[in-house]
Amino acid sequence: MLLENDDLMELHKVLEQKVQEAVKSIFNVDLPTVEFQPTRKDFEGDITVVVFPMLRVVKGNPVQIGNQIGEYLVEHVSEVSKFNVVKGFLNLVIADSYYLDFFNAIMADATYGYAKVNSKDAVMVEYSSPNTNKPLHLGHIRNNLLGYSVAEILKAAGHKVYKTQIINDRGIHICKSMLAWQKFGEGETPESSGLKGDHLVGKYYVAFDKAYKAEVQELVADGKDKATAEKEASILIEAQEMLRKWEAGDNKVVMLWKKMNAWVYEGFDTTYKNMGVDFDKLYYESNTYLLGRDVVKDGLEKGVFFKKEDGSVWIDLTDEGLDEKIVLRSDGTAVYMTQDIGTAIQRVTDFPDINGMVYTVGNEQDYHFKVLFLILKKLGYSWAEKLYHLSYGMVDLPSGKMKSREGTVVDADDLMDSMTATAASISEDLGKLEGYSNEEKQQLYKTIGLGALKYYILKVDPKKRILFNPEESVDFQGNTGPFIQYTYARIQSILRKASNVTLSGIEKSLELHEKEKTLLKQLQIYPETVQLAAENYSPALIANYTYDLVKEFNSFYQQVSILGEADEQKKMLRVALSKKVARVIESSFRLLGVAVPERM
């Protein structure tokens, strides 16, 4: 037999070689490639050889060709036990002993599915990147869950990974919260108000908007047109002056900025901890917004950029189907693009082993990242070829669009709390928590609620918009986190009852039940799924693989006896198989940042 942990790929290589040998031996022609596909469920078989493409070099009836190749494979490949031909499809039945060898090889492999640690290039994954004038909201949840999960998947695929964020801690929007707190706050603090720091600061961002709109209305009532009123409102002019003072290093403004940002950071840390995400390195816009100016000056000398009559610096990307993009204003100040150029270069300076970066940012920034990556390539940075924008769609709600300044966002903390409450309500209704302490119940509700939220968001392709339905996400049936968690807990119950069953090597002569074989085939593609998810930056591939695995296990559970099986070898196999399925569920859910409960 030819088994290692990568046995599925190895089997395909052997079959390809043997099919080519068969064609050469029988028809005396060279077959350049062999096309495989999984056998359709309504036919007997595991792997199908598609005969039709062979007709370009082999003349004859596809059924006869298939039968001749099938006979050759049964004789020359021990893994092929029998075959059948349906029209131009040669369906190969793979011997049970092949699957049992595979299972014996992975039974004790605690890292099954994961590649060797740090066996591939180092990658930096950026996600979250919030503003310090408001708490995290539902959009940030999708961003954080995607970025964190992609980082974990890349790690599992063998990459060394650095998780980072750039915190947007400067600008007019930050000054609006600061000014409103000065005007209306009366010294309020997180301690005096009982509010998380990010919530408190967000409260004053909303207060600024309310006061600004009221002033605009007054100016319009006094005869000014709306556009003029919006520019001349005194509270906006004060905020703009505060920003100028901050940029000039005014001590009082900077001290207030540091104090209110500290409140926000403490609040963010609590949210991140509850969400289950973390970072290896933080960058702050207040430190990076000047980066890139020297790079632009160097690029100007090299002819990458050009200067207009007013002194502003641009890059012409019209030959690439884009447009001209400004990189320095006429007064020499940086724009966001300049900052992002400098920050990318700084990251490679900080982490010289990086050979790629993933930016988790909504699809409204698609054009920005096309331009950024192209500029970095034109500047001659080889690593720019491996920059990727993990572009994702918006999260919609039945209630409509969110607006931070109007206070109509779905707050991340509130949403996570409500998910826990929803899980509690449904779990209580199901009435399966006898013997749980209150503390155990609360932890279980949180595990189910957050699992439901994370899975619901991550099972969707990142590029697609999501209509988030909290109640639907906590359903214990269908393609949901709780359904998969419940299956995991069911397996743990089986294993507790099977504690006296010795799990050792399974005899290769054992005849497999159809459901055992199907489950083993699903386990076999887990490593390939991890690699595909990493290559496509898609947690959805992991989520939906896990759902398919759980469906196959539940079908297996319904149709075969596990603990009631009289044959000790079969019982051992079924218990061991259940245990491995549970470990793969736990492993795949770890990549999604989802916990699994031992009991439900």
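The values are calculated or read from the model by the stated rules, or taken from the named source; none is laboratory data. Just so it is clear, the model here is predicted, and its values are computed rather than measured. Positions of Cβ are generated from backbone atoms using ideal geometry, with glycine treated the same way; all protein chains shown enter the neighbour counts. Protein only, heavy atoms only, side chains kept; ligands, DNA and RNA dropped before computing areas. Shrake-Rupley method; radii C 1.70, N 1.55, O 1.52, S 1.80 Å.
Specify which of the listed residues (Y367, Y359, Y392, Y336) is at pLDDT 95 or above, out of contact with any strand residue (DSSP E or B) (no Cβ under 7 Å at 6 or more places or on another chain) and either surrounded by fewer than 16 Cβ atoms within 10 Å (Cβ to Cβ) or among the hydroxyl-bearing types (S, T, Y) (or both).
Y367
Please specify each residue of the range 159-214 satisfying the condition of being open to solvent by 30 Å² or more (accessible area, probe 1.4 Å), part of a loop (DSSP other than H, G, I, E, B), over 23 Å from V277 (Cα atoms) and in contact (Cβ under 8 Å) with a residue 60 or more places away in the chain.
R170, T189
Within the range 546-569, work out how many residues are at pLDDT 95 or above, part of a helix (DSSP H, G or I) and open to solvent by 10 Å² or more (accessible area, probe 1.4 Å).
9
Restricting to the range 476-505, and then to whatever is closer than 19 Å to Q558 by Cβ and small (G, A, S), can you tell me which residue is modelled with the lowest pLDDT?
Filtering first and then ranking leaves G478.
Pairs, please: C-beta under 7 Å, at least 6 apart or cross-chain, first residue farther than 16 Å from P527 by Cα and in the range 540-561, second open to solvent by 50 Å² or more (accessible area, probe 1.4 Å) and of a type outside the set (F, W, Y)?
V560/H513
Cβ-Cβ under 9 Å, sequence separation 6+ or interchain: first residue in the range 302-317 and without any contact (Cβ under 8 Å) to a residue 12 or more places away in the chain and assigned to a strand (DSSP E or B), partner β-branched (V, I, T) and open to solvent by less than 10 Å² (accessible area, probe 1.4 Å). Which pairs?
What qualifies is F306/V313; F306/I315; K307/V313.
Restricted to the range 550-600, and to residues that are hydroxyl-bearing (S, T, Y) and in contact with a Phe, Trp or Tyr (Cβ under 9 Å, 6 or more places away or on another chain), which residue is farthest from Q443 (Cα to Cα)?
Applying the filter and picking the extreme gives S578.
Consider V277 carefully, then state whether it is assigned to a loop (DSSP other than H, G, I, E, B), closer than 19 Å to I141 by Cα, out of contact with any Gly (no Cβ under 6 Å at 6 or more places or on another chain) and in contact (Cβ under 8 Å) with a residue 24 or more places away in the chain.
Judged against the criteria, V277 is a match.
Using the structure shown, decide if L519 is in a helix (DSSP H, G or I), at pLDDT 95 or above and either acidic (D, E) or more than 14 Å from the chain's Cα centre (by Cα) (or both).
Yes: the conditions hold for L519.
In contact (Cβ under 8 Å) with a residue 40 or more places away in the chain, among the aliphatic types (A, V, I, L, M) and closer than 22 Å to E535 by Cα: does that describe L374?
yes
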